[in-house]
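Have a look at the structure below, then the notes.
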Amino acid sequence: MKIIMLGAPGAGKGTQAKMIADDYGVPHISTGDIFRANIKEGTELGKKAKSYMDKGELVPDALTCDLVMDRIAKEDCKNGFVLDGFPRTIPQAEALTEALQKIDQSMDFAIDVEVDDESIIARMGGRRACTECGATYHIVNIPPAKEGICDRCGSALVLRDDDKPETVKKRLSVYHEQTQPLIDYYKEQGILHAVDGMLSMEEVFAAIKKILGA
Ligand code: AP5
């Protein structure tokens, strides 16, 4: 089962991608998480990615595509994977389609998590992310059991650098300009499905499970 999660920044793609990965036993591949891990480790890729991410801009396709293609060629992706945050531009989507065509494969589902811009801004301000395991919470909607501490691994929760209001606005405009056209791209491929991302986390997941047929 090969799934793409689409949606604006903060729509809940990561939250749902983790639930799908746990439920269906397939890897969750988040380009944002890969970049953040590289930033934390101080790698060359991390340094380059940070300069774009801090401004709310996209990391160039050339840096992103090879990274994802290498990851999906790994053994643990043999039975499927959930892509979260990739593709984000038409050239990235075309690169993915071509890479899969070469091995006689294609994506099965593109799931668009729909949330309006106003709610996105409210969600991002309240999001707290774990510095160690990447789990995400919301101070009002999905709070951790103990304030500021990750339920899963006990590490500190922080506000992401790119979740500051000015950067969120920039990320939203980049999304509308460069990523939203993917909705038509996957509609044309016949694999697009939309879910109402304004529902509760569990209701969104139930809608996704229905789409996936399980
Ligand atoms: P990335 O990490 O992918 O960020 P994003 O797409 O902007 O997505 P987010 O992680 O912000 O949000 P999400 O939709 O996963 O929402 P979440 O589940 O956390 O990318 C960061 C940056 O990296 C980009 O700006 C770019 O620079 C770079 N990058 C990454 N991929 C790239 C690519 N392919 N090409 C180029 N550059 C790339 O939920 C948000 C909040 O809402 C949380 O607090 C959550 O708890 C809460 N929430 C979730 N669901 C619900 C619900 N149903 N009800 C109420 N609250 C909810």
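The values are calculated or read from the model by the stated rules, or taken from the named source; none is laboratory data. Remember, predicted model here, so these are calculated numbers, not experimental data. Here Cβ is always computed from backbone atoms with ideal geometry, including for glycine, and neighbour counts include all displayed protein chains. Please note that ligands, DNA and RNA were not included when accessible areas were found on the heavy atoms of the full protein model with its side chains. Shrake-Rupley method; radii C 1.70, N 1.55, O 1.52, S 1.80 Å.
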Cα-based reach from Lys102 at 16 Å (exclusive), listing aspartates and glutamates while leaving out same-chain residues under 8 positions away:
Asp66, Asp70, Glu94
Of Asp66, Asp104, Asp116, which has the largest mean-square fluctuation in a 10 Å C-alpha GNM of the chain?
Asp104
Peptides ranked, highest mean first, by Cβ atoms within 10 Å: ranges 169-177, 5-13
5-13, 169-177
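Take the alpha carbon gyration tensor of the chain, find the square roots of its eigenvalues, order them as a ≥ b ≥ c, and report rounded if a/c is under 1.5; if not, report prolate when a/b exceeds b/c, else oblate.
On the way: a/c = 1.37, a/b = 1.21, b/c = 1.13.
Judged from the Cα gyration tensor, the chain comes out rounded (a/c under 1.5).
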How many angstrom lie between the C-alpha centres of the stretch 1-16 and the stretch 103-128?
4 Å
Choice from Ile183, Ile20, Ile142 with maximal GNM fluctuation in the chain (Cα, 10 Å cutoff)
Ile142
Say we join alpha carbon atoms closer than 10 Å with springs in a Gaussian network model of the chain; which of Cys65, Cys150, Cys133 then has the biggest fluctuation?
Cys133
Dipole magnitude (debye, nearest 20) for the chain, charges at Cβ of Lys, Arg, Asp, Glu
500 debye
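Under a 1.4 angstrom probe, counting protein chains only, how are Lys187, Lys102 ranked by accessible area, largest first? It would help to have the intermediate numbers written out before the result.
Values: Lys187 125, Lys102 170 Å².
Output order, biggest surface exposure first: Lys102, Lys187.
Is there a pair in Lys187/Lys210; Lys48/Lys209; Lys74/Lys164 whose C-alpha atoms are over 28 Å apart, and which pairs would that be?
Working: Lys187/Lys210 18 Å; Lys48/Lys209 37 Å; Lys74/Lys164 35 Å.
Violating the 28 Å limit, Cα to Cα: Lys48/Lys209; Lys74/Lys164.
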Using only Cα atoms, locate the centre of the stretch 149-188 and the centre of the stretch 51-80, then give the distance between them in Å, rounded to an integer.
15 Å
Going Cα to Cα from Lys47, which lysines come in below 18 Å? Please leave out same-chain ones fewer than 8 positions away.
Lys55
